[in-house]
Amino acid sequence: MYDSIVLGSGVIGVNTAYWLAKAGHKVLVIDRQPIPGNETSYANGGQIAVSHADPWAKPSAPLSVIKDLIRDDAPLLFRPGMDIRQWRWLLSWFGQCTPGRWRTNLLEAMRLSAYSQELTRQVQNEHQLKYQQIRKGVLHLYRTDRSLNSAKQSIEQMRNFGLNRKIISPEEALTQEPALRFSNEKIVGATYTESDESGDAREYCQQLADVCREMGVTFAMNTHIMQLVREGRRIHVRVNGELGNQHLTANHLIVCMGPWSARLLKPLNVWPNIYPVKGYSISVPLEYPEKAPTVSLTDETNKLVFSRLGDELRVAGTGELGGYSRELNVKRCDRILEQARRLFPEAGGFDQARFWTGLRPATPSGLPCIRKTRFDNLWINSGHNIGWTMGCGSGKYLADLISNGSATEFDHYELPGHLL
C-alpha cells in the first residue's frame with residue numbers, strides 16, 4: 001500500500017508529491033491527463049511573482065465588478081447562473097473586501113508566495129531544472145494616473161510587509177525593458193519588483209515529475225478519478241484507467257485537483273469554498289524576438305501578464321466567474337491579441353497565435369485551502385489563485401503537516417516588514 005496518494009498532477013500535485021517523497025513517503029500520483037501539467041498548469045501566465053499576491057477581494061473591487069457587469073470584454077467578468085455555490089462564493093468574496101480582511105489576506109498570501117518562491121529556487125538549483133526561467137524581475141505597467149494612484153495603497157502595503165516593489169517612471173521602465181520603446185501605448189508609470197521571475201509552468205511541472213519518478217514516485221496517468229468512497233472514518237478513491245477499475249486507499253489521500261476539488265469532495269459533505277475562474281492565454285511565435293520583452297510584465301489596466309518563453313510570448317489574463325465550462329470565447333482571446341499587438345506591435349507572429357483557456361481554482365480570500373478534513377486520511381491542497389507562485393511552498397507545507405504534525409518551518413517564516 002502507498003503511504004500517500006496525490007489526486008492531480010498539476011503544479012500543486014507534483015510539488016506535493018515531491019515533498020512527500022522527500023520526506024520518505026511511497027507516493028502514487030493519479031491524473032486523467034496523459035502527462036503532468038496538462039490542464040490548469042498548461043498555458044498560464046508564467047509568473048512566479050510575490051508582487052502578484054494581492055487578492056482580488058479588496059475595498060475597491062466590488063464597485064469595479066458592478067461597473068463591469070454589462071461589459072462582455074471586462075477583464076474580470078461575472079456570468080451569473082443557477083449554481084448556488086457560485087452565489088455563495090460571490091457573497092463570501094464581498095465579505096473579504098473589507099480593509100481589515102484585505103490586509104490580513106494580503107500578508108498571508110505574500111508570506112506563502114515568498115516562502116514558495118525561495119523553495120522553487122532551491123528545487124531548481126538542486127535538480128538543475130530548465131523551464132525557460134528568466135530572473136529579471138516583474139514590471140507592472142499603468143496606463144493612466146488614476147490606475148496608478150488607485151494601486152498605491154496595495155503597493156505601499158506590500159512595501160510595508162517587506163517586498164521591494166519600487167514605483168518607477170516611464171523612462172525607468174524603458175530602461176528595465178527596452179522593447180517597450182516599440183509600444184503604441186502610453187505608460188504613465190510602473191512598478192518594478194526585482195525578486196520576481198517568470199518561466200513555463202508546464203515545463204517545470206513535467207521536469208519535476210521526472211525528478212519525482214527518480215525518487216520512486218509512481219504516476220498513473222490516463223486514469224480517471226471517479227469517486228471518493230467513505231468507509232467509516234477513512235476514504236477510498238475509485239479510479240478507472242491505466243490502473244483498471246478499482247478502489248485504492250492510502251494512509252493519506254491528498255486532493256490537488258484545482259477547480260474540480262470541490263466537486264469531488266461534495267458527496268462527502270466536505271465544502272472547501274473553491275470555485276472555477278476561467279482564464280485565457282495566447283502564445284505568440286515571435287518573428288522579431290529582439291522587439292519583444294524579456295522582462296515579465298503585468299498590464300494593470302487590462303489585467304494581462306506577458307512572459308517570454310524562448311522564442312514565444314505568452315500573454316494571459318482576464319477572469320470569468322461562470323462555472324465549469326471551458327468553452328473558448330474567441331472574442332476574449334482576440335481582445336488579448338489586440339492588446340499584445342498594441343504593446344509590442346513589431347514583435348510579429350500575431351497571426352500565428354495559439355489560443356487557450358483554462359480554469360483556475362479560486363477562493364474568496366485569495367488564500368488556498370491546505371488542511372486535513374474530518375476524515376482520518378483525507379487532505380486538501382487546492383484553491384490556489386496564483387498556483388505556480390504558491391505551489392512549491394504549499395506542497396512543502398502540506399508534506400510537513402502530514403509528516404511532522406505541524407508546518408513549523410512556514411509558521412516561523414516572516415517577511416522582513418511583517419510587524420509594520
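A short reminder: the numbers here are calculations on the coordinates, not readings from a lab. In this text the structure is predicted, and so the values were computed from the model without any measurement. All Cβ positions, glycine included, derive from the backbone under ideal geometry; neighbour counts span all protein chains shown.
Arrange the peptides 400-409, 15-24 so that the one whose residues have, on average, the most other Cβ atoms within 10 Å appears first. Before the final figure, lay out the partial values.
Values: 400-409: 14.9, 15-24: 24.1.
Listed from highest to lowest mean packing, they are 15-24, 400-409.
Tell me the chymotrypsin sites (Phe, Trp or Tyr not before Pro) within segment 311-420 that lie in a loop according to DSSP and have at most 15 other beta-carbon atoms within 10 Å.
Numbers: sites: Tyr324, Phe350, Phe355, Trp356, Phe375, Trp379, Trp388, Tyr397, Phe410, Tyr413; in loops: Tyr324, Phe375, Tyr413.
In loop regions of segment 311-420 (DSSP not H, G, I, E or B), the sparsely surrounded chymotrypsin sites (Phe, Trp or Tyr not before Pro) are Tyr324.
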ask   = So if we plug the beta-carbon distance of Glu172 and Glu338 into 1/(1 + (r/R0)^6) with R0 = 35 Å, what FRET efficiency do we get, rounded to 0.05?
value = 0.85
request  = Could you work out the local net charge near Arg85, counting Lys and Arg as +1, Asp and Glu as -1, over the other residues with Cβ closer than 11 Å to its Cβ?
outcome  = +2
task = Per DSSP H run of at least 4 residues, take -39500 (n - 2.57); add these up for the chain, divide by its residues and hand me the 222 nm value, nearest 500 deg cm²/dmol.
result = -10500 deg cm²/dmol
Label-point separation in nm, Gln153 to Asn125, each point 7 Å along Cα→Cβ = 3.8 nm
ask   = Relative to the longest principal Cα axis of the chain, at what angle does helix 145-160 sit, 0 to 90 degrees, rounded to 10?
value = 50 degrees
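Just to be sure I understand: of the beta bridges DSSP finds with both ends in the chain, what percent are antiparallel, rounded to 5?
Numbers: 54 of 76 bridges.
Rounded to the nearest five, the antiparallel share is 70 percent.
Looking at segment 137-240, which GluC sites (Glu not before Pro) are DSSP coil and have at most 16 other C-beta atoms within 10 Å of their C-beta? Numbers along the way, then the final one.
On the way: sites: Glu156, Glu171, Glu172, Glu185, Glu194, Glu197, Glu203, Glu214, Glu231; in loops: Glu185, Glu194.
Listed in order of number, the matching sites are Glu185, Glu194.
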request  = Just report the Cα centroid separation between segment 233-257 and segment 184-217, whole Å.
outcome  = 30 Å
query = Relative to the Cα centre, what is the charge dipole magnitude of the chain, using +1 at the beta carbon of each Lys and Arg, -1 at the beta carbon of each Asp and Glu, and rounding to the nearest 20 debye?
reply = 1260 debye
message = What's the magnitude of the charge dipole for segment 236-384 around its Cα centre, counting Lys and Arg as +1 and Asp and Glu as -1 at the beta-carbon? Answer in Debye, nearest 20.
response = 720 debye
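Which trypsin sites (Lys or Arg not before Pro) in segment 194-244 sit in a loop by DSSP (not H, G, I, E or B) and have at most 15 other Cβ atoms within 10 Å of their own Cβ?
Numbers: sites: Arg202, Arg213, Arg230, Arg233, Arg234, Arg238; in loops: Arg233.
Sparse-neighbourhood loop trypsin sites (Lys or Arg not before Pro): Arg233.
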key: Farthest toward positive dipole pole in the chain [+1 Lys/Arg, -1 Asp/Glu at C-beta], among Ile30, Ser195, Ala114   = Ile30
query = Of all the C-alpha pairs in segment 1-84, what % are more than 20 Å from each other?
reply = 60 percent
ask   = If you bin the C-alpha pair distances of segment 64-162 every 10 Å from 0, what whole percents do you get?
value = 11, 27, 33, 24, 5
request  = Please determine, in degrees from 0 to 90 and to the nearest 10, the orientation of helix 11-22 with respect to the longest principal axis defined by the Cα atoms of the chain, where the helix direction is its Cα long axis.
outcome  = 50 degrees
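Full extension from Arg181 to Glu287: what is 0.36 nm times the residue separation minus their Cα-Cα distance, to one decimal in nm? Mind showing how you got there, number by number?
Details: separation 106, 0.36 × 106 = 38.16 nm, distance 1.73 nm.
Result: 36.4 nm gained on full extension.
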note = Taking 0.36 nm per residue of separation between Lys372 and Phe94 and subtracting their Cα-Cα distance, the length gained on full extension comes to 97.4 nm
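Divide, for the chain, the radius of gyration over alpha carbons by 2.2 N^0.38 Å, where N is the residue count.
On the way: Rg = 20.7 Å, N = 420, 2.2 N^0.38 = 21.8 Å.
So the Cα radius of gyration is 0.95 times the expected 2.2 N^0.38 Å.
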